[in-house]
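The values are calculated or read from the model by the stated rules, or taken from the named source; none is laboratory data. Just so it is clear, the structure is predicted and the values come from calculations on it, not from any experiment. When we count neighbours, we look across all protein chains shown, and the Cβ atoms used for this are built from the backbone with ideal geometry, even at glycine.
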Ligand SMILES: NC(=O)c1ccc[n+]([C@@H]2O[C@H](COP(=O)([O-])OP(=O)(O)OC[C@H]3O[C@@H](n4cnc5c(N)ncnc54)[C@H](OP(=O)(O)O)[C@@H]3O)[C@@H](O)[C@H]2O)c1
């Protein structure tokens, strides 16, 4: 598989590190990936049609060439584009949407780690991929690389998904946990930053935007909705009253910010992000730190849950690797 990487930050570098140290992971022995191009925003670009030396690329502080991501997506010769640029909520998922579209329009496969294309343009991109007979895959977008979409694709066939509920934003979960223990909001955010979970500007997480984007992505892919994050009802962590959290904790209840997608009686899909008091014994009460959980309610199989503990960058990079396998072995592709 000849891959073009758009973005080479945390996830891209970890993916490259795993590929370079492939012999440490015997399960990857049969995965033959050659990276023919890497484009960043401010750290240059690198191209080699016969495959870049990833160890040398990782060792270099800056990449030697210049190039725009969209131009590379349109002009370079590759089999699969891997979109790993940051989510831009204000730009409603661009430029990632254009990157993915450019690849599919040229009969190339696309993998996105960026949630934007799923949250703002899933239907048109999915339909374009189907028309072109190419794959549009996105396992790393929700719950890092945990097999959310693979599970639905291969493990839930024949079911209708009726409802999804999840704890999907680590910063909110960590901050609420600290508030329950009596911290101020500022101290709680500082602790989430010190743990390497919160961004320098955590407002996307604390205002519920990151969760709303994930919920729209899940609704669009798994319940065939046509939602955008703007239509997801959001509750802000800053609006939770600490005394209410502490009173609930004193009664043995944990407060969690829960993402929900619900199919109504008439088939319409609604999504929201809102706090919920969770009793002990509910697996949601056990999700701490960077962990996450997704409960899936179906018509035949009933209710199952997928939980992820202590994800790291390798978890996310694995999401890309699982998509590369799916593309290489087309019987697994949609
Ligand atoms: N980190 C995680 O664990 C995780 C988990 C799940 C999903 N994701 C998603 O995966 C994606 C990548 O995350 P990350 O943590 O690797 O982000 P990151 O460390 O911020 O890296 C982003 C990379 O994209 C490049 N970039 C930005 N705008 C670009 C553009 N217009 N054209 C080309 N390159 C551009 C940046 O270039 P410069 O370096 O030059 O700025 C950088 O190399 C994001 O969408 C994120 O939401 C991340």
Of the residues in the stretch 47-90 that are more than 28 Å from residue 201 (Cα to Cα) and in contact with a helix residue (DSSP H, G or I) (Cβ under 6 Å, 6 or more places away or on another chain), the one that is nearest to the ligand (Cβ to nearest atom) is 73
Only unsatisfied item for residue 79, checking (1) surrounded by 14 or more Cβ atoms within 10 Å (Cβ to Cβ); (2) more than 24 Å from the chain's Cα centre (by Cα); (3) under 13 Å from residue 34 (Cα atoms), is (2)
Selected residue (only one of 189, 221 is assigned to a helix (DSSP H, G or I) and within 19 Å of the chain's Cα centre (by Cα)) = 221
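When the residues of the stretch 11-31 are narrowed to those that are modelled with pLDDT under 95 and not in a loop (DSSP other than H, G, I, E, B), which ends up farthest from the chain's Cα centre (by Cα)?
The selected residue is 23.
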Give the residues of the stretch 297-323 that are more than 14 Å from the ligand (Cβ to nearest atom), touching a strand residue (DSSP E or B) at 6+ places or on another chain (Cβ under 7 Å) and more than 30 Å from residue 189 (Cα to Cα), sorted by residue number.
-> 297, 298, 299, 303, 304
Scanning for something in a loop (DSSP other than H, G, I, E, B), surrounded by fewer than 24 Cβ atoms within 10 Å (Cβ to Cβ) and away from the ligand (no atom under 15 Å from the Cβ), does the stretch 140-155 turn up at least one residue?
-> no
Take the residues of the stretch 26-44 that are in contact with a helix residue (DSSP H, G or I) (Cβ under 7 Å, 6 or more places away or on another chain) and more than 8 Å from the ligand (Cβ to nearest atom): which is nearest to residue 77 (Cα to Cα)?
-> 37
Would you call residue 289 surrounded by fewer than 17 Cβ atoms within 10 Å (Cβ to Cβ), free of Cβ contacts under 8 Å to residues at least 12 places away in the same chain and in a loop (DSSP other than H, G, I, E, B)?
-> no
Out of (1) crowded, with 16+ Cβ neighbours inside 10 Å; (2) touching a residue at least 40 places away in the same chain (Cβ under 8 Å); (3) in contact with a strand residue (DSSP E or B) (Cβ under 8 Å, 6 or more places away or on another chain), what's the single condition that is false for residue 277?
-> (2)
